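Data first, discussion second: the structure below is written as structure tokens.
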Amino acid sequence: MAKTRILVVEDEGIIAKDIQNILESLGYAVTAVVSSGEDAIERTEETRPDLVLMDIVLKGTNGIEAADQIRNRLGIPVVYLTAYADDETLQRAKITEPYGYILKPFEERDFRAIIETALYKHRMEKKLRESEQWLSVTLKSIGDAVIATDVNGLVTFMNPVAEALTGWQRDDAAGKPLKDVFHIVNEETGMAVEDPAKKARTEEVVVGLANHTVLIAKDGTRRPLDDCAAPIKDEQGHMIGAVLIFRDITKQRNAVKEKERLEAQLRQAQKMEAVGRLAGGIAHDFNNLLTVIQGYADLALAKVDKNQLLHADLDEIRKVCVRASGLTRQLLLFSRLRPTKSVPLDVNEAINGLVNMLTRLLTENVTLTRRMAEGLWMVEGDPGSLEQVILNLVVNARDAMPQGGEIVVTTENVHVDEKLWEVCAQARPGDFVRVSVRDSGVGMDQDTMMHLAEPFFTTKKPGEGTGMGLAVVYGIIKQHGGWMHVESKPHEGSLFSAYLPATARAAEKERDKQVPAEGLRGKGERILFIEDNDAVRKFGTRGLSEHGYTVFAAANAQEAEVIFEKEGGNFDLIFSDVVLPDESGPMVVERLLKRKPGITAVFATGYSKGRTDWSIIEKGAYSYLLKPYSLSDMLALLHNALKATERKKA
């Protein structure tokens with residue numbers, strides 16, 4: 001076992017030698033014997049002894065100053081040697097916190113007891129310092145804020161996280177009442193909250209903060225908190241203070257709010273999808289009824305003299321059917337089940353073409369301003385549907401300004417990046433044409449904006465609106481691959497922005513005009529008419545037969561196969577509904593055309609790509625009718641399709 005190494009500082013040579021002999025006889029190793037404070041410091045640095053025996057009064061030097069440096073700078077314990085000293089000297093010596101005193105003259109037996117006691121005390125203090133340092137580093141490293149108090153509730157410790165949250169520095173907060181540093185109030189009432197550390201001390205239990213507790217920092221910053229306080233007891237169980245651990249839960253709160261927002265958005269999307277399916281189903285069935293009503297009205301009108309009262313009645317029925325078909329188109333647009341004819345188009349031209357109509361829709365106290373971007377990119381879309389978007393947005397803007405105001409319609413090219421993603425969940429990157437309609441009207445709150453896309457939701461009085469306008473707008477824009485973004489505040493107006501994907505395709509030329517009604521009669525062409533609705537099938541058969549066509553009617557794909565086989569494929573045209581009970585219309589038509597190429601095919605539908613084999617129609621460039629259709633619409637479709645086939649053969 002290594003000997004304890006001791007440095008002796010004594011300016012009396014005989015005494016110094018005597019001390020050295022005693023120490024060595026007791027089994028200690030003397031590293032050096034020096035006579036001045038300066039030498040003591042120097043040799044201590046060189047030899048690093050376990051303990052220094054230091055005479056308090058040295059000739060020409062001060063042992064107290066040397067002892068202070070050795071203890072505080074080098075961390076080596078000092079035991080004083082003293083025979084006498086005045087009170088002032090002793091008081092100065094106490095400040096250096098010596099580990100013991102050996103009185104001159106000394107007894108040999110006193111050395112070991114004093115030296116071993118000093119060494120033990122030094123080791124214990126070292127362990128305590130290491131423990132305190134470890135605890136301090138640990139508390140500084142954890143992610144939660146920590147504040148400790150004494151038994152009177154005065155701050156004794158703060159880690160850096162607590163400093164950051166409270167705005168108090170540890171040194172400034174030390175000794176202050178916890179309530180001055182840790183200022184907490186109820187978020188809802190603003191009333192002060194009971195000091196949790198005080199409660200932990202008085203009740204000797206772990207205490208947690210109530211919900212909605214907010215910390216007000218030194219600079220006034222408010223942060224929601226989650227925390228707990230616990231009592232601190234010594235080994236005998238006596239209360240000596242409390243420790244408070246807390247954290248800023250702003251991020252957790254925001255995460256919960258974001259989760260709730262996304263869940264609400266998901267529920268809304270599911271609800272909209274369900275309502276959309278319902279609306280699409282109702283509209284499809286209603287379109288079949290309207291097709292029959294309008295078709296038979298057309299047949300009857302052709303047989304009644306225009307001067308008869310019955311003719312006017314029948315014409316009124318036809319007009320009502322046309323208006324009703326507009327409602328079903330809105331339902332299908334909302335549910336995104338109505339097919340569109342997508343062509344490249346210039347949005348500026350579409351808006352300019354609506355100016356006269358828009359002006360007529362506005363009241364005298366409402367002005368319309370257009371800010372159209374030059375060099376606007378083209379978009380792909382259905383002209384009629386996009387015109388309906390503009391009309392609906394402008395009409396809504398007008399209705400939002402009962403006292404009058406200005407409506408501004410703006411078009412611009414935009415490149416969407418991550419910045420827009422942060423404010424609009426539907427956004428995606430790329431190039432888009434933004435069409436915006438701004439009003440200076442009453443505006444909306446957040447709750448109202450959450451329901452804008454819902455069908456039949458309206459802020460208007462009963463009888464003033466159906467609640468379908470914006471639902472249709474949202475449906476059309478989504479069907480065109482875009483999205484809507486709304487900005488509004490109560491009494492500050494609203495801004496509705498539609499984002500439509502840009503395209504590099506050039507605008508197509510205007511298609512040939514429809515052939516006049518008198519030139520739509522057939523010449524005995526053989527038609528295979530496939531329609532599952534009985535009433536529509538009967539009307540179609542009669543209407544085509546009375547206008548010069550030979551009609552073979554089938555209620556489903558299986559019947560069509562049987563008729564086709566029986567007639568040896570001798571048909572000039574196949575007119576099929578897209579949705580059949582046993583198979584899709586496009587698939588059965590494709591199969592029949594493989595058996596007998598050259599036959600013309602056209603379709604009727606009320607559904608779109610999501611519900612049918614629409615790719616077959618697009619790939620084959622087949623013509624089609626949207627239900628409900630009139631007799632003249634049906635005759636024109638067949639006439640034009642047969643003429644196109646004749647031109648190809650020629």
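Comparing region 142-248 with the 2.2 N^0.38 Å rule of thumb, its C-alpha radius of gyration ratio is 0.99 (two decimals).
Would region 518-649 count as rounded, prolate or oblate if I go by the C-alpha gyration tensor, calling it rounded below 1.5 in a/c and otherwise prolate when a/b exceeds b/c, oblate otherwise?
Taking the square roots of the gyration eigenvalues as a ≥ b ≥ c, region 518-649 is rounded.
Would region 1-73 count as rounded, prolate or oblate if I go by the C-alpha gyration tensor, calling it rounded below 1.5 in a/c and otherwise prolate when a/b exceeds b/c, oblate otherwise? Note, shape of region 1-73 comes out oblate.
Highest-first packing order for the peptide set 437-444, 572-579 is 572-579, 437-444, based on the mean count of other beta carbon atoms within 10 Å.
Bear in mind that the values in this text are calculations on the coordinates, not laboratory data. Not measured: the values here are computed from a predicted model. Neighbour counts are summed over all protein chains in view; Cβ atoms, including those assigned to glycine, are modelled from backbone coordinates with ideal geometry.
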